[in-house]
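Here is the structure we will look at.
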Amino acid sequence: MKSIEKARSLSIWIFIVPFVAVNTCLILVTQFHGLFENQADKLFNTIPYIDGGASISRTARPYPSWLVFKPAMFLTSFLLIKYWLFNRDIIQYFEKSHKNIKKILFFGIASAIALTIHSIFLGVKFDNDLYKLFRRVIMLSFIVFEIVAQAYLVTTFLSIKKKIKDYINPTILNLKIILVSFLILVAIISIPIISLPGDDFFGMNLKFFKHALEWDYFLGVITFYLLTFLMWKKKLINYPSTT
């Protein structure tokens, strides 16, 4: 099935492109200090996945980091849109009028649009509270839309599991369900904490907690696509193609 093959091929790139881009930006600001004119743009001795020493935007914002980050995010957004369209075709092939199709498409494409908007405004500075709120809302929208789309998709595949059993590795589908459930749980627990005023929470520095959470959550979100690549069987049974 062409749609499955294409969704599988896209999914590995949706994992690789942002992972490489974000970590390239991290390496640039921590190891290649000569590329940055401003001392404030340089970072030293941090592994943000663990110590929360910087946010993703902090590493991607300065020149030349954004030359890597922005094109990569634009490409990722394009791939995401194609990915969700192919998943619509896959679902329609097995169940023409599944109730979740429109929801998956809406939230999936909305997440890609939010990522594009976030990337456009990254590094654009305005000393305005509304602008800062706008950027936070866009970033939060991307996360919410992405997780909701992923949740609807795994729920849909679970509901048609018997119909797609010849195409998938069921263990990987179960891992995807566990991953999405974990991401939702972390979001529910973390949002009230990171929304607290100030940077102290029972002796824990919230600033570093937020940064570490951002990096680890980002890794969790894109791991969904790595699992997609692993879930669909490489050699598919010869059924009629979808378009």
Kindly establish whether K70 is among the charged types (D, E, K, R), touching a Ser or Thr at 6+ places or on another chain (Cβ under 6 Å) and either surrounded by fewer than 20 Cβ atoms within 10 Å (Cβ to Cβ) or modelled with pLDDT of 95 or more (or both). yes
Inside the stretch 11-55, can you point out the residues that are at pLDDT 95 or above and among the small types (G, A, S)? S11, A21
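Check Y239, Y217 and return the single one that is of a type in the set (F, W, Y), under 30 Å from S3 (Cα atoms) and either modelled with pLDDT of 95 or more or part of a helix (DSSP H, G or I) (or both).
Numbers: Y239 fails: either modelled with pLDDT of 95 or more or part of a helix (DSSP H, G or I) (or both).
Result of the check over Y239, Y217: Y217.
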For the stretch 93-112, check the following and say yes or no: at least one residue is without any contact (Cβ under 8 Å) to a residue 60 or more places away in the chain, among the charged types (D, E, K, R) and assigned to a helix (DSSP H, G or I). yes
Spot the failing condition for E95; the list is (1) buried (at least 17 other Cβ atoms within 10 Å of the Cβ); (2) under 24 Å from T156 (Cα atoms), and only one is missed. (1)
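For S11, indicate whether it is in a helix (DSSP H, G or I), buried (at least 21 other Cβ atoms within 10 Å of the Cβ), of a type outside the set (D, E) and out of contact with any Gly (no Cβ under 6 Å at 6 or more places or on another chain). I'd like the intermediate steps shown before the answer.
On the way: in a helix (DSSP H, G or I): yes; buried (at least 21 other Cβ atoms within 10 Å of the Cβ): yes; of a type outside the set (D, E): yes; out of contact with any Gly (no Cβ under 6 Å at 6 or more places or on another chain): yes.
Criteria met by S11.
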Considering the stretch 1-29 alone, what residues qualify as being touching a helix residue (DSSP H, G or I) at 6+ places or on another chain (Cβ under 8 Å) and closer than 20 Å to S65 by Cβ? V17, P18, F19, V20, A21, V22, T24, C25, L26, L28, V29
Checked pairs for the stretch 164-184, first under 16 Å from F229 (Cα atoms), second charged (D, E, K, R) and assigned to a helix (DSSP H, G or I), C-beta under 9 Å and 6 or more apart or across chains, list as I168/K161; P170/K161; L173/K161
In the set I113, I120, which member is surrounded by fewer than 16 Cβ atoms within 10 Å (Cβ to Cβ) and farther than 15 Å from I222 by Cβ? I120
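Looking at V20, V29, which is the one that is in a helix (DSSP H, G or I), of a type in the set (A, V, I, L, M, F, W, C) and surrounded by fewer than 16 Cβ atoms within 10 Å (Cβ to Cβ)? Reasoning before the result, please.
Numbers: V29 fails: surrounded by fewer than 16 Cβ atoms within 10 Å (Cβ to Cβ).
So the residue among V20, V29 that is in a helix (DSSP H, G or I), of a type in the set (A, V, I, L, M, F, W, C) and surrounded by fewer than 16 Cβ atoms within 10 Å (Cβ to Cβ) is V20.
If the requirement is being closer than 28 Å to S3 by Cα and buried (at least 16 other Cβ atoms within 10 Å of the Cβ), which of these qualifies: R135, R61, R88? Outline the logic, then answer.
Details: R135 fails: closer than 28 Å to S3 by Cα; R61 fails: closer than 28 Å to S3 by Cα.
Matching residue, one of R135, R61, R88: R88.
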I'm trying to understand the selection: among the residues of the stretch 42-58, which are surrounded by 13 or more Cβ atoms within 10 Å (Cβ to Cβ) and over 13 Å from H211 (Cβ atoms)? K42
Pair list, Cβ < 6 Å and 6+ apart or interchain, from the stretch 53-76 residues that are free of Cβ contacts under 8 Å to residues at least 40 places away in the same chain to residues that are crowded, with 18+ Cβ neighbours inside 10 Å: T59/C25; T59/L26; T59/V29
Failed item in (1) modelled with pLDDT of 95 or more; (2) closer than 16 Å to F157 by Cβ; (3) surrounded by 14 or more Cβ atoms within 10 Å (Cβ to Cβ); (4) β-branched (V, I, T), with I168 passing the rest: (1)
Checked the stretch 151-163 for anything closer than 22 Å to L105 by Cα and either out of contact with any strand residue (DSSP E or B) (no Cβ under 9 Å at 6 or more places or on another chain) or at pLDDT 95 or above (or both); matches are A151, Y152, L153, V154, T155, T156, F157, L158, S159, I160, K163
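The values are calculated or read from the model by the stated rules, or taken from the named source; none is laboratory data. This is a predicted model, so every value here is computed, not measured. Counting neighbours? That spans all protein chains shown, and the Cβs are built from the backbone with ideal geometry, glycine included.
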